[in-house]
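Trainee: Dumping the structure here so I can ask a few things about it.
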There are 2 protein chains.
Amino acid sequence: MQESSTKPYLLRALHEWCTDNGYTPHIVVTIDENTVVPRAHIQDGQITLNVGHLATNGLRIGNDYIEFQARFGGITEDIFVPIAAVSAIYARETGAGMGFEVVESAPYAESDQPAQASSSSSETKKSDDAKPSHLSIVK
Amino acid sequence: MQESSTKPYLLRALHEWCTDNGYTPHIVVTIDENTVVPRAHIQDGQITLNVGHLATNGLRIGNDYIEFQARFGGITEDIFVPIAAVSAIYARETGAGMGFEVVESAPYAESDQPAQASSSSSETKKSDDAKPSHLSIVK
């Protein structure tokens with residue numbers, strides 16, 4: 001199995017952080033051929049979307065796509081955004097958030113499901129035979 | 001309400017990412033007066049802990065503390081690690097992960113609860129009146 005991207009996990013995490021702090025999470029999306037958004041709201045090849053629970057219906061941040069319904073000028077639109085096309089998530093109220101590399105996206109597949117954390121337990125041991133790498137400091 | 005740290009959200013996210021990919025998540029902890037770990041396993045003021053589901057019992061990554069039971073040399077120990085004291089989480093198999101700033105921790109409080117994402121819906125509008133900031137690029 002190919003390693004999956006950490007990006008959808010981090011997007012879900014920061015969306016939850018925004019929500020818990022009463023902030024309004026927004027994403028910045030670089031438009032590509034798999035992005036389904038209202039064309040009139042694209043600026044310079046990008047769109048900024050409010051992905052707060054109060055602004056969306058049926059929001060699902062899956063491992064490959066973010067999908068939801070939202071109203072633009074009174075019209076309900078179905079939005080599909082590849083995770084690969086998201087360049088940032090941030091709290092509108094403070095600007096705090098995280099930026100991401102935009103990479104080539106794959107077409108939408110119905111089978112895209114959000115990951116569920118599994119839970120089990122057993123015994124442990126200390127291990128220090130590996131060193132952290134590819135690390136970025138987050139405050 | 002004071003803004004909460006994104007750190008526990010990111011730790012939960014990367015723990016889930018490790019688990020979903022079959023990796024074994026480890027955390028690096030800088031020991032402080034609120035850290036409860038087996039003293040014999042501390043090296044240079046730090047301890048590296050396997051926090052995989054197979055190595056822990058009752059693992060809970062709360063907003064202020066990570067707590068679980070684990071076995072060290074055949075003895076089950078209760079572990080309490082302040083989120084503030086965690087300097088990294090990474091997959092043992094690849095070293096991929098994320099580093100964090102270590103800050104001063106607060107004593108353990110029973111009321112520390114993991115955050116739950118709430119869910120609701122309504123209408124939306126596009127907003128681009130705020131710019132992302134404090135961003136770090138994550139691949």
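Taken together, the values in this text are just the output of simple stated rules run on the coordinates, not laboratory data. Since the structure is predicted, the reported quantities are computational estimates derived from the model, not experimental observations. Ideal geometry is used to build each Cβ from the backbone, glycine not excepted, and the neighbour counts take in all protein chains shown.
Trainee: Can you give the net charge of the other residues whose Cβ lies under 15 Å from the Cβ of B:His15, counting K and R as +1 and D and E as -1?
Mentor: Local charge sum for B:His15: 0.
Trainee: What does the average come to when, for each residue of peptide A:96-104, you count the partner chain Cβ atoms lying within 10 Å of its Cβ?
Mentor: Mean partner shielding for this stretch: 4.
Trainee: Moving on. Pop out the ³J(HN,Hα) list for segment A:91-96 in order, Karplus 6.51 cos²θ - 1.76 cosθ + 1.60 with θ = phi - 60°, rounded to Hz; leave Gly and Pro as x.
Mentor: 7, 4, 5, 10, x, 5
Trainee: Additional query: If you average the sequence gap of Cα pairs under 8 Å that are 6 or more apart and divide by the length of segment B:1-111, what percent do you get for the contact order?
Mentor: 29
Trainee: Let me know the mean shielding of A:47-58 by other chains, meaning the per-residue number of their Cβ atoms within 10 Å of its Cβ.
Mentor: Shielding by partners across A:47-58 averages 5.
Trainee: From the label point of A:Glu33, set 7 Å from Cα along Cα→Cβ, how far away are the matching label points in the other copies, in nm, ordered shortest to longest?
Mentor: Reported distances to equivalent positions: 6.2 nm.
Trainee: Shielding by partners for B:15-28, please: the mean number of other protein chain Cβ atoms within 10 Å of each residue's Cβ. Spell out each step's value before the answer.
Mentor: Values: counts 2, 8, 12, 2, 6, 9, 6, 2, 1, 2, 0, 6, 1, 4.
Rounded to a whole number, the mean comes out at 4.
Trainee: What is the set of long-range amide H partners of A:Gln46 at a cut-off below 5 Å, with H atoms built 1.01 Å from backbone N?
Mentor: Long-range HN contacts for A:Gln46: A:Ile31.
Trainee: Can you list residues from other chains, or at least 5 along the same chain, whose modelled amide H is less than 5 Å from the amide H of A:Thr56?
Mentor: Distant-sequence amide H within range of A:Thr56: B:Ser122.
Trainee: HN-Hα J couplings of segment A:68-75 from phi, Karplus 6.51/-1.76/1.60, θ = phi - 60°, integer Hz, Gly and Pro as x?
Mentor: Each residue's phi maps through the Karplus curve to give 5, 9, 8, 9, 10, x, x, 10 Hz.
Trainee: Give me a comma-separated list of calculated 3J(HN,Hα) values for segment A:29-41, in order, Karplus coefficients 6.51, -1.76, 1.60 applied at θ = phi - 60°, integers in Hz, x for any Gly or Pro.
Mentor: 10, 8, 5, 9, 5, 9, 8, 10, 9, x, 4, 5, 9
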